[in-house]
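Each remark here refers to the structure printed beneath this line.
Any read-out appearing in this document is the output of simple, stated calculations on the displayed coordinates, not a laboratory observation. Because the structure is predicted, anything quoted here is derived from the model rather than measured. No Cβ is skipped: glycine too gets one built from the backbone with ideal geometry, and neighbour counts run over all protein chains shown.
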Amino acid sequence: MIALGADHGGYLLKAAIKKYLDSRKIEYTDFGTNDETSVDYAPIASKVAHLIADGKAEKGILCCGTGIGMSIAANKVKGIRAAVCATAYCAEITRHHNNANILCLGGRVIDEEQAVEFTRLFLDTPFDGGRHQRRIEEIAAIENGEL
Ligand code: RB5
């Protein structure tokens, strides 16, 4: 199950991503928003991030104007590795190297076609492990105050 969230700057990307997930019959939970009325991104990021951290969703996708606010907020939750991606290369490599569990996208940065392509890469690319496993363990050590 994929957790989705957006603010008014990202809801159109989220709508395109939902259509794509529907076409692949991938289940999701949508925490809104669904129109251009201004809303704050942090509470939405928190809902998506906690669902993943609690093991109730496998991955998440968060969309705001830039993807940046969503990623900063989501990364405050322990166990979350949220990556802002503005290129297909980043969407792919953040799975291979960072084992990112949330993809953050900017509705004022990329278009809907790119959002769907980055979503495909994010969902279908495996984590490489190996030296990258050690590196994400070092990130966890920072979270735990050990590094
Ligand atoms: C909202 O105007 C905007 O600040 C938000 O969507 C996002 O870009 C924040 O990082």
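Could you tell me whether any residue of the stretch 17-24 is of a type in the set (Gly, Ala, Ser) and touching a strand residue (DSSP E or B) at 6+ places or on another chain (Cβ under 9 Å)? Walk me through it before giving the result.
The first filter runs over the stretch 17-24 and keeps only residues of a type in the set (Gly, Ala, Ser), leaving 23.
Now narrow it down to the ones that are touching a strand residue (DSSP E or B) at 6+ places or on another chain (Cβ under 9 Å): none.
The answer is no, given that none of the residues of the stretch 17-24 is of a type in the set (Gly, Ala, Ser) and touching a strand residue (DSSP E or B) at 6+ places or on another chain (Cβ under 9 Å).
So, in the stretch 64-93, of the ones that are assigned to a strand (DSSP E or B) and free of Cβ contacts under 8 Å to residues at least 40 places away in the same chain, which residue ends up nearest to the ligand (Cβ to nearest atom)?
Start the filter on the stretch 64-93 by keeping residues that are assigned to a strand (DSSP E or B), which leaves 64, 82-84.
When the remaining residues are screened for being free of Cβ contacts under 8 Å to residues at least 40 places away in the same chain, the result is 82-84.
On the way: 82: 12, 83: 14, 84: 9 Å.
Per the stated criteria, the residue is 84.
Please work out if residue 52 is within 9 Å of the ligand (Cβ to nearest atom), assigned to a helix (DSSP H, G or I), on the phi < 0 side of the Ramachandran plot and of a type in the set (Val, Ile, Thr). Criteria not met by residue 52. Here residue 61 meets each of (1) of a type in the set (A, V, I, L, M); (2) touching a helix residue (DSSP H, G or I) at 6+ places or on another chain (Cβ under 7 Å); (3) within 11 Å of the ligand (Cβ to nearest atom) with one exception, condition (3). Tell me, yes or no, whether the stretch 124-133 has at least one residue that is assigned to a loop (DSSP other than H, G, I, E, B), among the charged types (D, E, K, R) and within 14 Å of the chain's Cα centre (by Cα). No - not one qualifying residue is present in the stretch 124-133.
The listed residues are 146, 117, and the only one of them that is within 22 Å of residue 20 (Cβ to Cβ), out of contact with any strand residue (DSSP E or B) (no Cβ under 7 Å at 6 or more places or on another chain) and away from the ligand (no atom under 16 Å from the Cβ) turns out to be 117. For the stretch 1-49, the set of residues classified as assigned to a helix (DSSP H, G or I), more than 13 Å from the ligand (Cβ to nearest atom), under 18 Å from residue 119 (Cβ atoms) and not β-branched (Val, Ile, Thr) consists of 15, 16, 18, 19, 20, 21, 22, 23, 49, listed by residue number.
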